[in-house]
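The structure is given below, and queries will be raised subsequently.
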Amino acid sequence: MNNSFSIALTFFLTLSALNFKHDNSLSKKVTKFNMETVTPQRAIQISGVGFYAESGECEDVEGFSYAVRMTGDLEGCLYAFIDNFECSPSGTYREEGREYFVGTYKGEFGTFWTNYKFEAKYEECVAGSGPLGAEIFGRCQHPIENGSGTGVFEGVKGRIDMKDNVELANFPYRGHLRF
């Protein structure tokens with residue numbers, strides 16, 4: 001008889017002889033405790049389209065570089081504050097900064113901040129002065145800053161991703177929110 005098989009068989013027979021019963025009461029207590037004290041955060045999918053805000057569409061917020069009017073699940077204005085940017089000779093543009101969203105979700109008002117990273121390809125990009133010519137493609141990630149939400153966004157976590165539609169001059173977005 002195989003030595004491993006003999007050891008397993010001996011162990012099984014010993015447990016059977018001792019009338020071993022699996023007591024899962026601890027498992028039930030842990031499950032009950034977790035269900036009563038921890039509310040799982042489910043990601044809520046969001047989507048919509050952003051557009052560069054035209055004059056009068058978004059209120060002035062001191063020091064912002066530009067504003068994006070958000071439509072869809074998020075309705076309001078996203079104010080961008082550029083912290084730094086760089087260009088490469090190939091036309092690649094990278095930008096980092098902060099954004100302040102002021103608006104509504106499901107009709108309820110609130111605000112939150114993001115820390116964003118934007119990458120794009122332009123016809124030309126000049127070090128120290130920024131992109132020149134038309135945008136060829138672009139995308140950005142907007143992680144929501146923990147603890148920055150107010151109103152409906154109090155306690156919100158999540159991220160918004162945008163991919164520039166250069167032909168239509170808009171910014172379709174999708175992402176998730178966790179409350």
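The values are calculated or read from the model by the stated rules, or taken from the named source; none is laboratory data. This structure is a prediction, so every number in the text was calculated from the model and none was measured. Ideal geometry is used to build each Cβ from the backbone, glycine not excepted, and the neighbour counts take in all protein chains shown.
Given the condition modelled with pLDDT of 95 or more and more than 24 Å from F179 (Cβ to Cβ), answer yes or no: does some residue in the range 96-112 qualify?
Yes, the range 96-112 contains a residue that is modelled with pLDDT of 95 or more and more than 24 Å from F179 (Cβ to Cβ).
Hey, another quick one. Here's a check for you: in the range 113-164, which residue that is at pLDDT 95 or above and among the acidic types (D, E) is nearest to R42 (Cα to Cα)?
E154
Now a separate question. Which condition number in (1) farther than 28 Å from R178 by Cβ; (2) of a type in the set (G, A, S); (3) within 16 Å of the chain's Cα centre (by Cα) is the one that A127 fails?
(3)
So if I check each of Y93, Y66, Y116, which one is in contact with a Pro (Cβ under 9 Å, 6 or more places away or on another chain) and more than 17 Å from R174 (Cα to Cα)?
Of the residues listed, the single one that is in contact with a Pro (Cβ under 9 Å, 6 or more places away or on another chain) and more than 17 Å from R174 (Cα to Cα) is Y93.
Got a sec? Which of L132, L78 is touching a strand residue (DSSP E or B) at 6+ places or on another chain (Cβ under 9 Å), over 19 Å from A53 (Cβ atoms) and of a type outside the set (V, I, T)?
From the options L132, L78, the qualifying one is L132.
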